[in-house]
Amino acid sequence: MNNSILAARLAARPGSAWHMFVPKLVTCWREGYGWAEARADLFAGLTVAVVALPLSLALAIASGVEPGRGLFTAVVAGTLVALFGGSRFQIAGPTGAFVVVVAGIVAQFGYEGLIAATLMAGVLLIATGLLRLGTYIKYIPFPVVTGFTSGIAVVIFASQIGDILGLSIAHVPADIPGKLLTYWNAIGTFNSSALAIAVVTLGLILLIQRFAPRFPAFLIAIAAASLLVWLFHIPVTTIGTRFGGIPSGLPEPHVPVLSLAGMRKLFPAAFTIFALGGIESLLSAVVADGMTGRRHRANCELVAQGIANIASAVMGGIPATGAIARTATNIRAGARSPVAGIAHSAAILSMMALFAPLGAYIPLAALAAVLAVVCWKMAEARVFALILQGQASDRAVLLVTFFLTVFVDLSVAIAAGVVLASIAFAHNMAQAAEARALLPVVAEDVDEFAEPNRNALPRANFPAGVEVFALSGPFFFAAAMEFEELLSRSGGYPKVLILRMADVPLIDATGAAALKRFVRTANANATTVILSELRAQPAAALRSMDVPVLRLPSFAEGLKAAEQILGGSPAQKAREPAAAA
């Protein structure tokens with residue numbers, strides 16, 4: 001691999017580890033922050049706020065708590081993650097991934113139990129960050145993440161059917177078969193007006209997202225549905241009729257009394273909040289990195305998420321984590337720094353103060369329609385289908401995680417998925433060793449003085465603007481994150497990047513997803529990625545995940561293609577004289 005990457009890796013080793021806990025807000029101020037950046041951040045924050053407001057209400061109600069608690073979470077957690085976090089663009093708040101977990105904890109232990117579990121989870125997140133274990137959380141295999149997010153989407157949508165149909169039900173069971181049976185038994189209370197409101201809201205959201213994507217579809221659709229209910233006195237359940245309205249400000253802080261026996265009882269719930277919060281926050285930060293080319297500080301981000309969850313619980317909120325969709329909206333709106341996250345929280349608080357009385361008219365059927373759209377996006381049907389077309393081990397991990405999430409429990413699903421993925425990893429490693437006896441699983445030291453290295457790259461023959469990396473060994477989920485990290489430290493993006501894959505016998509779904517994410521980032525930076533010398537299994541894995549790269553059978557053809565992309569420029573000395581073998 002490129003010597004510049006190795007040097008960057010050595011420079012990043014312990015010795016100045018405390019730098020990795022400096023919040024990105026401080027970094028942005030050190031780089032220089034003026035009125036241009038402030039204007040961009042304020043606009044982005046306001047844009048995200050109009051998306052986050054209806055989502056926070058809907059997610060809180062779906063979680064089995066009062067709608068205002070979602071707003072408290074968005075304000076408190078959003079501010080603290082922006083202040084102390086390790087990502088420039090992260091927007092924190094309540095998310096769909098937590099709905100199932102929170103609803104289950106509230107049903108079993110009540111809201112006081114949820115506060116206690118969230119406090120414990122916050123402490124675990126801070127400890128994990130301080131112990132610098134955040135890097136390992138990023139190694140959760142891609143099929144596991146896709147399986148549990150798709151499963152959560154199914155569970156959330158099932159919980160919204162009652163509000164979409166306007167059914168009158170005193171208690172809805174937690175399990176999906178129980179929910180469906182309860183809905184069937186209550187079908188006599190069907191409210192056609194609620195269904196009409198849900199359909200109108202859903203239609204408005206889809207139309208706006210299709211033809212006017214810059215407008216806040218959720219907020220406009222919710223406002224339109226509320227206006228219809230108010231003007232025509234439509235008989236549907238609203239926030240006002242069920243909850244009495246939404247608050248106009250933050251509540252007084254409240255810390256529950258924690259006993260040792262109570263903590264032991266709540267520890268499984270706290271661990272689930274901790275694990276899910278850590279996974280989703282770092283996943284969101286990775287997505288932000290892919291969209292911007294920046295790099296987040298994983299352990300700093302975990303510490304911030306821990307602080308945010310503790311404060312959210314004390315201030316009457318629910319568990320919080322990085323919200324992928326809101327973070328992406330923040331980036332697309334032109335955010336420059338974490339100030340946008342603070343502005344988003346301030347805007348939500350301002351809207352609570354100004355428009356709280358109007359919130360009573362929001363129909364629950366409209367919020368259910370919003371969550372239906374969220375569920376469809378969470379399900380990632382296309383990605384789910386791509387993994388199903390891949391290798392058998394990835395299919396097994398995906399389906400086991402998915403069905404356990406839907407029918408058993410999220411924490412069991414994640415644990416089983418990770419264990420199964422690890423077993424598949426060991427099996428694939430054995431296959432890799434058997435597939436090619438000359439390719440060792442663990443590379444040994446060799447004497448390169450005896451004979452020339454066949455992998456040595458004659459950099460003097462490369463066209464200017466071309467960079468080459470030779471990858472070696474099975475490209476599984478653990479190697480995928482390391483590959484992204486090393487490439488990010490190798491310097492600026494070249495015009496053409498050639499990845500030599502002759503010594504990569506196997507790629508799993510996570511490796512393919514990492515390559516796909518990297519290729520998109522490279523393309524956004526005007527870099528063309530070429531893969532040369534692909535073997536059969538890696539080629540099939542990349543095709544199944546629809547990785548958009550140019551694939552050529554030989555390195556020589558890759559260089560010719562690079563010269564054509566550069567306009568046929570003659571071979572010149574590369575930007576760096578170091579060997580890339």
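Selection within the range 521-543: residues that are of a type in the set (A, V, I, L, M, F, W, C) and in a loop (DSSP other than H, G, I, E, B). The member of this set that is farthest from residue 507 (Cα to Cα) is 526. Residues that are over 29 Å from residue 20 (Cβ atoms), in the same structural domain as residue 355 (by TED's automatic domain parsing) and among the hydrophobic types (A, V, I, L, M, F, W, C) number at least 3 in the following helices (runs of 4 or more DSSP H) confined to the range 35-145: 35-62, 99-130. Looking at the range 293-375, the helices (runs of 4 or more DSSP H) lying wholly inside it that each contain 3 or more residues that are within 14 Å of residue 53 (Cα to Cα) and not polar (S, T, N, Q) sit at 339-355.
Screening 354, 364 for residues that are surrounded by 16 or more Cβ atoms within 10 Å (Cβ to Cβ) and not assigned by TED's automatic domain parsing to the domain that holds residue 474 leaves exactly one candidate, 364.
Annotation note: Cβ proximity below 8 Å between a residue of the range 213-229 that is in the same structural domain as residue 239 (by TED's automatic domain parsing) and farther than 18 Å from residue 351 by Cα and a residue that is at pLDDT 90 or above and surrounded by fewer than 19 Cβ atoms within 10 Å (Cβ to Cβ) (sequence gap 6+ or interchain) occurs for 225/200; 228/200; 228/234.
Checking the stated criteria, residue 283 turns out to be modelled with pLDDT under 90, in a helix (DSSP H, G or I) and out of contact with any Lys or Arg (no Cβ under 7 Å at 6 or more places or on another chain).
Here residue 500 meets the list (1) touching a Ser or Thr at 6+ places or on another chain (Cβ under 7 Å); (2) modelled with pLDDT under 80 almost entirely, failing just condition (2).
The condition (being part of a helix (DSSP H, G or I) and without any contact (Cβ under 8 Å) to a residue 40 or more places away in the chain) is satisfied by just one residue among 242, 264: 264. Does the range 294-312 contain any residue that is modelled with pLDDT under 90 and either of a type in the set (Ser, Thr, Tyr) or surrounded by fewer than 22 Cβ atoms within 10 Å (Cβ to Cβ) (or both)? Checked the range 294-312: at least one residue is modelled with pLDDT under 90 and either of a type in the set (Ser, Thr, Tyr) or surrounded by fewer than 22 Cβ atoms within 10 Å (Cβ to Cβ) (or both). Among the residues of the range 96-118, those that are out of contact with any Leu (no Cβ under 7 Å at 6 or more places or on another chain) and either buried (at least 24 other Cβ atoms within 10 Å of the Cβ) or closer than 21 Å to residue 57 by Cα (or both) comprise 103, 104, 107, 110, 111, 112, 114, 115, 118.
The values are calculated or read from the model by the stated rules, or taken from the named source; none is laboratory data. Keep in mind that this is a model prediction, so the values were computed, not measured. All Cβ positions, glycine included, derive from the backbone under ideal geometry; neighbour counts span all protein chains shown.
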